[in-house]
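Take a look at the structure below.
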Amino acid sequence: MKVLKFGGTSVGSASRMKDVTELVRKRGKNIVVFSAMSGTTNTLVEISDYLYKKNLTGAKETINALEAKYMRTIDELFSTEEYRRKALEAIRERFDFIRSFNKPIFTLFEEKEILAQGELMSTALMINYMHEQGINAVMLPAVEFMRTDKNAEPDTQYIQEKLTALIAENPDADLYITQGYICKNAYGETDNLQRGGSDYTASLIGAAVNADEIEIWTDIDGMHNNDPRFVEGTSPVSELHFEEAAELAYFGAKILHPTCVLPAKLNNIPVRLLNTMQPEAHGTLIYNTRSSNTIKAVAAKDNITAIKIKSSRMLLAYGFLRKVFEIFETHRTSIDMIVTSEVGVSVTVDSERNLPAILEDLKKFGTVTVDRDMVIICVVGDLEWQNRGFEAEVVNALKDVPVRMISYGGSNYNISLLVRKEDKVRALNLLSQRLFK
């Protein structure tokens with residue numbers, strides 16, 4: 001059994017839903033995970049924002065516009081009155097639920113309830129269309145098996161027990177349908193796995209049922225060796241090690257969510273990235289086999305801030321770095337890159353939410369300087385330190401680009417370089433010309 005996950009663009013219209021139905025019908029008895037229709041989650045966030053601001057008029061107008069989109073989709077999707085009616089009833093129930101949040105108090109709990117409606121609506125449409133097409137598809141509601149613990153981490157034992165039981169109750173199904181992203185937390189409240197959580201859902205399900213493979217279906221034919229938005233002539237990477245895929249996902253390759261990799265890696269389940277528009281394409285296979293002496297791909301992460309702390313007290317001192325890192329821990333801010341010298345340390349963060357407080361605390365230990373609007377360029381491949389020349393190739397490619405920081409040796413799979421925002425596109429193109437010629 002495989003787990004197939006389809007993103008929002010793959011179910012973004014009636015025609016796409018029809019194509020996906022035909023695709024999954026041909027692939028046998030599998031578990032299919034659906035995201036919300038493209039644009040839906042963003043609109044639900046907008047509705048929640050209106051409700052936070054107590055602007056009921058704005059919320060209602062946005063709800064009406066979104067509902068109209070779903071009504072048009074239903075008209076285009078169904079050919080029989082019976083299933084058109086069933087779909088209408090299911091979708092209207094969801095929108096009536098969203099409209100029920102009209103009281104003065106609106107909190108994060110209510111927002112999570114609203115955000116869950118996107119996946120509930122897309123799966124309602126998909127399963128009714130599949131039934132209309134004569135497919136014996138069975139719904140496995142995500143909230144009945146997907147749960148997080150008190151630390152907001154997936155409760156893997158609970159997931160496995162509940163999911164296995166649900167599947168056993170429906171042994172004759174042609175395939176199983178469920179929602180990505182949404183879950184219940186340890187207190188029984190509706191919650192979610194954060195943005196990109198549908199990938200995570202698919203990986204957790206794959207681990208729970210010991211799937212043969214996890215397929216992530218999007219609108220691009222695998223993970224490319226550079227960003228096709230900025231670099232011409234990129235090509236899909238045929239194979240990646242799990243660690244390589246995790247580095248690329250974290251540092252900007254949007255096709256795969258970083259959290260997706262870990263459950264599959266730990267359970268040695270291959271992950272394949274495929275294109276809904278070109279289902280015959282090979283895509284990218286991610287597994288636990290490493291290709292030696294190969295640079296695989298380049299990715300970029302935007303909106304980076306570099307912080308440098310310089311202090312003579314650091315010279316020959318112990319405990320200095322601990323004090324610095326404790327500041328970031330206190331303010332719940334993660335660090336992407338770090339480089340040190342005898343009298344200074346530079347780090348990067350991807351969020352400025354707590355930056356003023358962080359800088360204020362850091363000034364107790366030394367002189368602090370900040371560089372904003374930076375970009376991390378990540379080069380991924382077999383970068384064991386014994387392999388000669390790869391780091392030189394990367395640095396030589398950027399010999400005419402100012403580089404603020406370089407991180408090498410922390411991982412066997414990645415070299416990271418910090419450049420200015422205005423140098424990003426040139427850096428990506430220079431690396432492609434040098435590394436993938």
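The values are calculated or read from the model by the stated rules, or taken from the named source; none is laboratory data. Since the structure is predicted, the reported quantities are computational estimates derived from the model, not experimental observations. As a convention, Cβ positions derive from the backbone with ideal geometry for all residues, glycine included, and neighbour counts pool all protein chains shown. These accessible areas exclude ligands, DNA and RNA; they are computed on the full protein's heavy atoms, side chains included. Shrake-Rupley method; radii C 1.70, N 1.55, O 1.52, S 1.80 Å.
Those residues that are part of a loop (DSSP other than H, G, I, E, B) and surrounded by 16 or more Cβ atoms within 10 Å (Cβ to Cβ), I need them from the stretch 413-437; list them, please. Of everything in the stretch 413-437, those that are part of a loop (DSSP other than H, G, I, E, B) and surrounded by 16 or more Cβ atoms within 10 Å (Cβ to Cβ) turn out to be Tyr413, Phe436. When Asp371 is tested against (1) under 28 Å from Lys296 (Cβ atoms); (2) open to solvent by 30 Å² or more (accessible area, probe 1.4 Å), exactly one condition is not met: (1). Among the residues of the stretch 89-140, those identified as part of a loop (DSSP other than H, G, I, E, B), open to solvent by 20 Å² or more (accessible area, probe 1.4 Å) and not charged (D, E, K, R) are Ser100, Phe101, Asn102, Pro104, Ile105, Phe106, Thr107, Gln133, Gly134, Asn136.
Yes/no per residue for (1) among the charged types (D, E, K, R); (2) part of a helix (DSSP H, G or I); (3) within 25 Å of Glu243 (Cβ to Cβ):
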| site | (1), (2), (3) |
| --- | --- |
| Ile307 | no, no, no |
| Glu326 | yes, yes, no |
| Val345 | no, no, no |
| Asp371 | yes, no, no |
| Glu384 | yes, no, yes |
| Met405 | no, no, yes |
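Taking the stretch 208-291 and the strands (runs of 3 or more DSSP E) fully enclosed by it, the elements with 1 or more residues that are touching a helix residue (DSSP H, G or I) at 6+ places or on another chain (Cβ under 7 Å), modelled with pLDDT of 90 or more and of a type in the set (A, V, I, L, M, F, W, C) are at 213-218, 271-275, 284-287. For the stretch 167-192, the candidate set comprises residues that are open to solvent by 20 Å² or more (accessible area, probe 1.4 Å) and among the aliphatic types (A, V, I, L, M); within that set, the residue that is modelled with the lowest pLDDT is Ala186. Only one of the listed residues (Val20, Val3, Val32) is within 24 Å of Leu285 (Cβ to Cβ), assigned to a helix (DSSP H, G or I) and touching a residue at least 40 places away in the same chain (Cβ under 8 Å). That residue is Val20. A search for C-beta distances below 9 Å between a residue of the stretch 101-129 that is more than 16 Å from Lys60 (Cα to Cα) and without any contact (Cβ under 8 Å) to a residue 60 or more places away in the chain and any residue that is among the basic types (Lys, Arg) and part of a helix (DSSP H, G or I), counting only pairs 6+ apart in sequence or on different chains, returns Ala124/Lys86; Ala124/Arg94; Asn128/Arg84; Asn128/Lys86.
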